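Please read the structure below before turning to the comments.
The values are calculated or read from the model by the stated rules, or taken from the named source; none is laboratory data. Here the structure is a predicted model, which means the values were calculated and not measured. Ideal geometry is used to build each Cβ from the backbone, glycine not excepted, and the neighbour counts take in all protein chains shown.
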């Protein structure tokens, strides 16, 4: 056996991340293909005796016979893999040294598509792998399910499940004519309420997921992130569970009008396309108010869809001569922040949190409600949960907890994910407010980082959270 845990830890993270990416974005997305390529490399790096094998029984996870701890690989990764292995009656997956990208892709598709409700789920998975020509990935059946509980942080697992459920549900709804299906409407409402419940349970676990970025942010992912940021403000305003549900639903549907002109989903240059973009608030409101789609929550969503670009000073579009709804003013702030901090077709490099908030501060009182903007800034923090940061010690960390009370906003609690020497350390959280004997900070933040500067894929970034 190799003397280092590093290849094993990376294999667990890459396997988890790739399966999550394929769930979130589909099989043909660039992010999924990048994840598969990264997974192939990590499998080859971990090869021992012509194979890399991942074995799971209950909460015990082993790579090439070595038991992996939660501190080694993260609670989300181990919890997800333990649960999914068990649902498919798998104990061991063996990746042979001759494995190819086609083998990995075929296995991933078969793994995710198999009907886990069937009693013969394992046998069906074997057949599907064979049908797809998978030759260098083999699985061994779990003969007896151990009733040992999976060791994981329930709140983080619940947050991730809620986020992925929201992505899947809203992706269906935002498909053209998706609102015509009443089942899609109900699915969206349930997904939002599930996110609200997770948010009330542990807002930091949910908010961290809004830091997940890709080079091709789809409308449904943008809308889900706007929902999360809106819930952050709504909770600070003391909204009830029902009010938060209505706010979240309205945030999800704020850009629905863009689905009627799919080719114009980004802010374009030509006048004709700009005209189409300016029409999407009215189009979205019309879609939400059409016969058969009216629901109490949808009425508020229609108002927000119509007003979210109208601006606090009412000089936006469409022009209105009345005070904007509270929900519209909240969503407008969340929408702008999410757009500024995300790569777009018309802007290759996103703004950092600090840059985005500075730009928005200059428009507070004109574009945005100044009171609500202050609530948003105080709730979000200078370094939002999930932000990747480089420290003065040379370490790299992910913000876990924002400062509270009298603590300095520049001193959150971070999880160290890369040491000063480039190693992957055990899961360690440090409070940046800690000082030495001279009362000087032991660590400080030098700058924020994009996930691709540290991690090979979005999946690795998610696993490190």
Some residue of segment 121-131 being in the same structural domain as residue 32 (by TED's automatic domain parsing), on the phi > 0 side of the Ramachandran plot and surrounded by fewer than 16 Cβ atoms within 10 Å (Cβ to Cβ): no
Verdict on residue 351 being crowded, with 19+ Cβ neighbours inside 10 Å and either part of a helix (DSSP H, G or I) or out of contact with any strand residue (DSSP E or B) (no Cβ under 6 Å at 6 or more places or on another chain) (or both): no
Which listed residue, of 31, 13, 45, is farther than 24 Å from residue 222 by Cα and under 23 Å from the mean Cα position of the chain (by Cα): 13
Count - residues of segment 38-56 that are closer than 23 Å to residue 422 by Cβ and in contact with a helix residue (DSSP H, G or I) (Cβ under 7 Å, 6 or more places away or on another chain): 8
Residue in segment 373-393 that is over 26 Å from the mean Cα position of the chain (by Cα), assigned by TED's automatic domain parsing to the domain that holds residue 411, modelled with pLDDT of 90 or more and surrounded by fewer than 17 Cβ atoms within 10 Å (Cβ to Cβ) present: yes
Positions within segment 377-415 being touching a residue at least 24 places away in the same chain (Cβ under 8 Å), closer than 19 Å to residue 440 by Cβ and not in a loop (DSSP other than H, G, I, E, B), in sequence order: 389, 390, 391, 397, 414
Selection from segment 41-80 of residues that are crowded, with 22+ Cβ neighbours inside 10 Å, in contact with a strand residue (DSSP E or B) (Cβ under 6 Å, 6 or more places away or on another chain) and either in a loop (DSSP other than H, G, I, E, B) or at pLDDT 85 or above (or both): 43, 46, 52, 54, 63
Residue in segment 448-456 that is surrounded by 20 or more Cβ atoms within 10 Å (Cβ to Cβ), out of contact with any strand residue (DSSP E or B) (no Cβ under 7 Å at 6 or more places or on another chain), more than 24 Å from residue 230 (Cβ to Cβ) and without any contact (Cβ under 8 Å) to a residue 24 or more places away in the chain present: yes
Selection status of residue 358, surrounded by fewer than 18 Cβ atoms within 10 Å (Cβ to Cβ) and at pLDDT below 85: no
Residue in segment 17-33 that is more than 27 Å from residue 124 (Cβ to Cβ) and modelled with pLDDT under 85 present: yes
Selection from segment 229-240 of residues that are free of Cβ contacts under 8 Å to residues at least 60 places away in the same chain and either under 18 Å from the mean Cα position of the chain (by Cα) or closer than 15 Å to residue 191 by Cβ (or both): 231
Enumeration of residues in segment 337-353 that are more than 18 Å from the chain's Cα centre (by Cα) and free of Cβ contacts under 8 Å to residues at least 60 places away in the same chain: 347, 348, 349, 351
